[in-house]
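Derivation of every value follows stated rules applied to the coordinates shown; laboratory data play no part. Model, not experiment: these values are computed from the prediction. FYI the Cβ positions are ideal-geometry reconstructions off the backbone, even for glycines, and counts take in every protein chain you see.
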Amino acid sequence: MSRIGTKCVQAGYEPQNGQPRQIPIIQSTTFKYDSSEEMGRLFDLEASGYFYSRLQNPTCDHVAARICALEGGSAAMLTSSGQSANFFAIFNICQAGDHILCSSALYGGTYNLFNVTMRRMGIDFTFISPDCTDEELYGAFRPNTKAFFGETISNPSLQVLDIERFAKAAHSNGVPLIIDNTFPTPVNCRPIEWGADIVVHSTTKYMDGHSSTVGGAIVDAGKFDWNANAEKFSGLTTPDESYHGLIYTERFGLEGAFITKCTAQLMRDFGCCASAQSAYIVGLGIETLHLRMAQHCKNALAAAQLLSEHEKVAWVNYPELADNKCYDLAQKYLPNGSCGVVSFGLKGGREAAERFMAELKLAIIATHVADAHSCVLHPANATHRQLSENELIKAGVPSDLIRISLGIEDTEDIKEDILCALESV
Ligand SMILES: *Cc1c(COP(=O)(O)O)cnc(C)c1O
């Protein structure tokens, strides 16, 4: 079996004799068939093939297959964004009246999606600290709980989730563990190897890596036994009337049921599909993901060390610093590096944060992370603006927090830029 770096370059697309070396961009909404009968079989999910790019497109499928191979899954799909990936991953196995248990350390957009928009759909969410006791954790599951959701490394609070522990808790309650693995990428952590059942990504971040295109992905490990709790996951284990009574787990097995249902129902009905152009860009980005992640992590560790030794800095959060509360978890789950994002606070608080950011020359101010270009953000003023002071603290995002995303520029230039900006604070 090839190693992760080889998979980044080659997985998901194997050109045959005389075929294009690069994944072709199939810029077509629809596909031609010789007979109406043949097309009918596609619509009944009896044959596999392409008929309309809202559901599936060959370019998107090659890139999904690349991500699937990187994560070690059985099936995968692309979505138009990380937000739609998270929405689909949850909504594929729940409905009004159900409950989802989540880590409270989440990306602001995900928190809002769950806590506001999906609540309006009648789905209840409980947010629990990743540092909770076993008693709190096991006590939080309900009979109608359908999944546990968490981020491997939370954005922006950089808490490392004890994946094995939460997988065990989810499985002993008969539900899958869904992990957002956007920050470490499969280069640095493969949650499926630690017991995760579904892995989601915002490919907008490191996978694309050049802030070119918004996108998402869902990967199924293909291991969760939906039939063991068939009544809990009736959408997968009982007939789908919108497909003439087809049963997903019966027809597609544990390996294919989740992604097929997600494509056939949610993508069909909501239409949050990736474009072939976007998928191509993500596929191209992934070819260098292993090289870029190494430089992102090198630059982030250098920045974190520099900041933690500076007199004007109040605190630094980076899981690889020896005094970090997640250090042991990072050593376990992220032995080759975590991510390129560092958060910290200045002794001057909120005001100093704004001044520091204005003084940076190399790192630009942007609502983005995980980009080849270094960038910086004050979340309390941007992505987490909708959260109250209390919610900010609960989400691990105090109002003085500066999030800096280290790019892949030269390490010494980045250090100089940070030092110069600190001088003027
Ligand atoms: C950015 C991000 C998302 C949302 O992804 P979009 O592609 O912006 O929709 C979800 N989860 C995490 C951890 C993220 O960083």
Among the listed pairs Lys32/Lys146; Lys168/Lys261; Lys232/Lys332; Lys298/Lys347; Lys347/Lys415, those beyond 30 Å (Cα-Cα): Lys32/Lys146; Lys232/Lys332
Positive-pole candidate from Tyr243, Val282, His99, dipole of the chain, charges at beta carbon: Tyr243
Euclidean distance of C-alpha centroids, the stretch 63-116 and the stretch 332-350, integer Å: 24 Å
Two-site label geometry, Lys32 and Asp131: point separation in nm, points 7 Å out along Cα→Cβ: 6.3 nm
Top positive-direction residue, dipole computed over the chain with Cβ charges, set Leu42, His310, Val376: Leu42
Nearest-0.05 FRET efficiency for Ser2 and Glu351, computed from C-beta distance (R0 41 Å): 0.20
Inter-centroid distance (Cα atoms) of the stretch 32-62 relative to the stretch 386-425, Å: 47 Å
Share, in percent, of DSSP beta bridges within the stretch 4-284 that are antiparallel, nearest 5: 45 percent
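Fewest to most neighbouring Cβ within 10 Å: what's the order for Thr117, Thr203?
Arranged by neighbour count, lowest to highest, Thr117, Thr203 become Thr117, Thr203.
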Amide H contacts under 5 Å for Ala314, placed H, 5+ residues apart: Gly345, Leu346, Lys347
Normalised contact order of the chain, rounded percent, pairs of Cα under 8 Å and 6 or more residues apart: 17 percent
Residue order, fewest to most beta carbons within 10 Å, for Leu137, Leu106: Leu137, Leu106
Interchain or long-range residues, amide H under 5 Å from Thr182's placed H: Thr152, Ser202
Angle between the chain longest axis and helix 82-91 axis [Cα atoms, degrees, rounded to 10]: 50 degrees
The chain - charge dipole about Cα centre, Lys and Arg +1 at Cβ, Asp and Glu -1, debye rounded to 20: 320 debye
Residues listed by number, the stretch 265-287, amide nitrogen under 16 Å from Ile364 label point at 7 Å toward C-beta: none
Overall form of the stretch 4-284 per C-alpha gyration tensor (a/c, 1.5; a/b vs b/c): oblate
Whole-number percent relative contact order across the stretch 219-368, with pairs defined as alpha carbons under 8 Å at least 6 apart: 14 percent
Per-peptide average of other Cβ atoms within 10 Å, ordering 413-420, 56-63 highest first: 56-63, 413-420
Hz values of 3J(HN,Hα) by residue in the stretch 344-361 - Karplus curve (6.51, -1.76, 1.60), Gly and Pro given as x: 7, x, 9, 4, x, x, 4, 5, 4, 4, 5, 5, 4, 5, 5, 7, 5, 9
In sequence order, calculated HN-Hα J values of the stretch 262-278 (Karplus, 6.51, -1.76, 1.60; Hz; x Gly/Pro): 4, 6, 5, 9, 6, 5, 4, 8, 9, x, 7, 8, 6, 7, 4, 4, 5
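Below 8 Å, C-alpha to C-alpha, sequence gap of six or more: please give me the relative contact order for the stretch 318-415 in percent.
It comes to 29 percent, rounded to a whole number.
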Sequence of Arg41, Arg66, Arg190, Arg385 once ranked by neighbouring C-beta atoms within 10 Å, starting from the fewest: Arg385, Arg41, Arg190, Arg66
Phi to ³J(HN,Hα) by Karplus 6.51 cos²θ - 1.76 cosθ + 1.60 over the stretch 298-307, Hz, x for Gly, Pro: 4, 5, 5, 5, 4, 5, 4, 5, 4, 5
